[in-house]
Amino acid sequence: MAKSSPTLFWVSPNFYDYKRDFAKTSNDCSIFFQPSPRTNVLSSNSSSSFALIQASASLAKTQTTTRGIADNNNGEISYFCEMGNLKNAMELLCGSEKSELESRTYCSVLELCAQRKSLRDGKRVHSVIRDSGVEVDGYLGEKLVFMYVNCGDLREARRIFDNIYTDRVFVWNLVINEYAKIRNFRESVSLFKKMQELGIQANSHTLSCVLKCFGALGNLKEGERIHAYLYKLGFGCYNTVLNSLVAFYFKSGRVESAQKVFDELTDRDVISWNSMISGYSSNGLGEKGVGIFGKMLSLGVNVDLATIVNALVACANIGTHLLGRAVHAYAIKACFDGEIMFRNTLLDMYSKCGELDAAVQVFEKTGERSVVSWTSMIAGYAREGRSNEAIRLFYEMERNGVSPDIFTITSILHACACSGSLEDGKDVHNYIRESGMESNLFVCNALMDMYSKCGSMDDANLVFSRMPAKDIISWNTMIGGYSKNRLPNEALKLFAEMQGKSKADSITAACILPACASLAALAKGREIHGHVLRNGYFQDRHVANALVDMYVKCGLLALAQVLFDMIPVKDLISWTVMIAGYGMHGFGREAIAAFDEMRHAGIEPDEVSFISILYACSHSGLDEGWSFFNVMRNEYSIEPMLEHYACMVDLLSRTGNLSKAYRFIRKMPIEPDATIWGALLCGCRTYHDVKLAERVAEHVFELEPDNTGYYVLLANIYAEAEKWEEVRKLREKIGRRGLKKNPGCSWIEIKGKVNIFVAGDDSQPLAKKIESLLKRLRAKMKEEGFYPNMKYALINADEMEKEVALCGHSEKLAMAFGMLSLPPGKTIRVTKNLRVCGDCHETAKFISKMSSREIVLRDSNRFHHFKDGHCSCRGFW
């Protein structure tokens, strides 16, 4: 018959187990002293010997009295201990002569101190023992260890344990188990190994505990060794041990091994079944966990509260509220519905399954709401995007006098992050300060995440800089925050700082790669790619997608395509990144082919996917964009957002259908924003329609009166039409409003160093050589019939001044620097923060033909690949 245990992992030896073990210390002594029957030793004829007998009796009486007092004190103290009267036992113990007390008496008092968890009294007993000079060894030493462990002073318990020798396994188990309770699993394992070195044989409690420790440490190899060891010791039929073995394998992700151990169990108890349900659920196999629960019921196995809770967790993990309802109904019939743990798990299940109304009903019917109840509801609202309700509930929880714990705080910060509620997030931060939680690692990480998602990186950095200790999540949160908030330089700087303090993981790679993509920092991106390959992170789809995106945005579309093809299971993001990449590089047909292939693979496009394909069509001037626009609305029932409408206006504008684009905007079912009107304004510049541009500009200025870019765009349209008076008026208007134009800025990466150029800047070390090279290029262009397009100079001056202004454009400076710094034939890669001007575009075409080298120029709109005098954009930019 298999031995069973009432706990999941191992049996913690309780007070009464140790009490039985320690009983031997007093078995040879009588606690109650009964007086012996009096014997008449005097006869009527023995008077002559009376004096001698009387003297002998007197001497014996004196000796017996002294011994009797000592025996009486030991007996009385032991009696008080048996009666549970610690106060009287302590008074008598402290008032007795130290030499009178026996080791067994100290053991009795220490046992009672342990039972009452009275560390103060236990320390007093220990002090008396030290003062009396009693040797602390054997049972007494074990009793002291037991008392200190039970009273919560593990440090003192360990000090005594290290100074005594004991081969009794239950004492070793006591200390090993206590370290496991405080999650110091390494120390538990260390003690177990020492125990083996000393030849002390483990029992079922030892093995159960050690298996839990190896599971927590993720040490699969050692756990498997224990698996073999326990069979060698004959514990292969102990449910306590085998249940722990099942839990260990699940913890290590070895689902098949756990199932095998379970299948070999001949006499499964409820813990065995519970371990299977919980294990499957924690390994993302909730369906199997629910299946085990069903099998339990069909076999008539008696379930307990843990079974119901585990089954609900499994339902929550697979998002099956119907199964959850069935478990709920069963629990009511089995009378578990009154348990607070059940109600909290039920509430969490409904909220995770998106059944917030049902969760609210459970919450409102819960009379005694614990902090777990409130936290589950707050987290449920946050998950469903109902952040305002989560925040409202948090304040209601405070009003009800329930103190939030760390999980509540992290949940409410997540809600603030999702809704962008910076002010509410700051209020929570104030509460954190007042409650003394600011040093908690999890809270700090959640705070940084909230601030970064609300766009306040200064606040996030303040939290980060004050953290007493940082983990990998802290670094990743900050690096990812900088990347998402368009602060790529800060992200790269922090990444460099991190490398000397913490090892980057796959999430770090996924966070830093977008920063490399934003800056077109190809050398740094390649370095991270090497790190990804060395550590096997490419199997992580987030990392793989980020790598593809990085190469797309650094201009290496061919390499991006190779990596994309290597992704074994592509998700929607993988396809969307590639489709957008084709669009950015002007390969509209390839984007359409990828979109169709994605749909054939059974992956349904979402709003972002349609933005990518519409963008690709507009940048390649493909009318197929209208077909995708209609497919989105009719086949996938996706209502167009402003971004979709912007793509369609851009498509019409780029193909010269300006009037049609204007009418399209006027008929939109939603109010157009400045981006949509701005797309038409760009079209007006391309096709020199000044009259329409003025009408469109009125809408743009009304929507975004402080956006300098639109004023400059209209000024460009006037300048190209040589309406200099209108240009002057616009510039004056910009001056009156105090608006400043973003300066044109281009950069090029050479040997890992980013070199930045601003229009007209002559502070570069190679400035003279750059100027000379550009003059020679300009002369060569004229010889071959290429003349500078003066309309792009955007100034009212003579031809010479205009030509000088054009030569100072930042992208020309960067291209010339690349020609001077890179080996012949090496591709020049330049990035610009604004749209490339027409004259620079023509110059790049000429340079690519003259120097027989490719130029990749990324501007704010798209990529331009210049090769042999042609550009991939074919005039659509």
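Label point 7 Å out from Lys826 along Cα-to-Cβ: which residues of segment 722-760 have amide N under 16 Å? Answer for segment 722-760: 748-756. The structure shown yields Rg and Dmax of the Cα atoms in Å, and of the options [x] 40.7, 144; [y] 40.2, 160; [z] 53.1, 168 that calculated value carries the label [y].
With R₀ fixed at 56 Å, the C-beta to C-beta distance from Glu722 to His531 puts the FRET efficiency at about 0.55. With both labels modelled 7 Å from their Cα along Cα-to-Cβ, the Lys769 to Glu635 distance reads 5.5 nm.
Angle of helix 340-352 to the longest C-alpha principal axis of the chain, folded into 0 to 90 degrees and rounded to 10: 10°.
Potential lengthening of the chain between Glu423 and Glu704 amounts to 98.7 nm, from the contour at 0.36 nm per residue minus the alpha-carbon distance.
Exposure proxy for Tyr636, Tyr582: other Cβ atoms within 10 Å of each Cβ, ordered fewest to most, give Tyr636, Tyr582.
Treating r as the C-beta distance of Ser465 and Glu82 and R0 as 56 Å, the FRET efficiency rounds to 0.40. Remark: Met341, Met276, Met296 ranked as Met341, Met296, Met276, counting other beta-carbon atoms within 10 Å and listing the fewest first. Quick one: go through segment 292-334 and flag any residue whose amide nitrogen is under 11 Å from the point 7 Å out along the Cα-to-Cβ line of Glu368. Backbone N within reach: none found. Roughly what would the spin-label model give for Asp153 and Glu854, points 7 Å off Cα along C-beta, in nm? A separation of 7.5 nm, rounded to one decimal place. Shape call for segment 402-487 from the C-alpha gyration tensor, a ≥ b ≥ c root eigenvalues: rounded (a/c under 1.5), prolate (a/b greater than b/c) or oblate? It is oblate, given that a/c is not under 1.5 and a/b is not larger than b/c. Label point of Lys333 set 7 angstrom out along Cα-Cβ; within segment 345-375, amide nitrogens under 20 Å from it belong to 346.
Under the classification rounded if a/c is under 1.5, otherwise prolate if a/b is larger than b/c and oblate if not, where does segment 268-368 fall, given a ≥ b ≥ c as square roots of the Cα gyration tensor eigenvalues? Oblate is the answer for segment 268-368, as a/c is 1.5 or above yet b/c matches or exceeds a/b.
Helix 457-466 and the long axis of the chain differ in direction by around 30°, with both axes built from C-alpha atoms.
With each label modelled as a point 7 angstrom along the Cα→C-beta vector, the Arg116-Met341 pair spans 3.1 nm.
The C-alpha atoms of the chain define a longest principal axis, and helix 557-566 lies at about 40 degrees to it. Stretching Asn489 away from Tyr395 to a fully extended chain increases their span by 30.0 nm, per 0.36 nm per residue minus the current alpha-carbon distance. The lysine pair count for segment 177-262, using Cα distances under 21 Å and pairs eight or more places apart or on different chains, is 19. Available extension along the chain between Ser502 and Lys753 is 87.9 nm, counting 0.36 nm per residue and deducting the alpha carbon span.
Ranked for footprinting exposure by Cβ neighbours inside 10 Å, fewest first, Phe863, Phe161 give Phe161, Phe863. Spatially, segment 123-147 and segment 557-571 are offset by 70 Å when compared through their Cα centroids. At a Förster radius of 41 Å, what calculated FRET efficiency corresponds to the Cβ-Cβ distance of Arg599 and Ile472, to the nearest 0.05? The formula returns an efficiency of 0.60 here.
Only the coordinates and a few stated rules stand behind these numbers; no lab work does. Please read all numbers here as calculations on a predicted model, not as lab measurements. Counting neighbours? That spans all protein chains shown, and the Cβs are built from the backbone with ideal geometry, glycine included.
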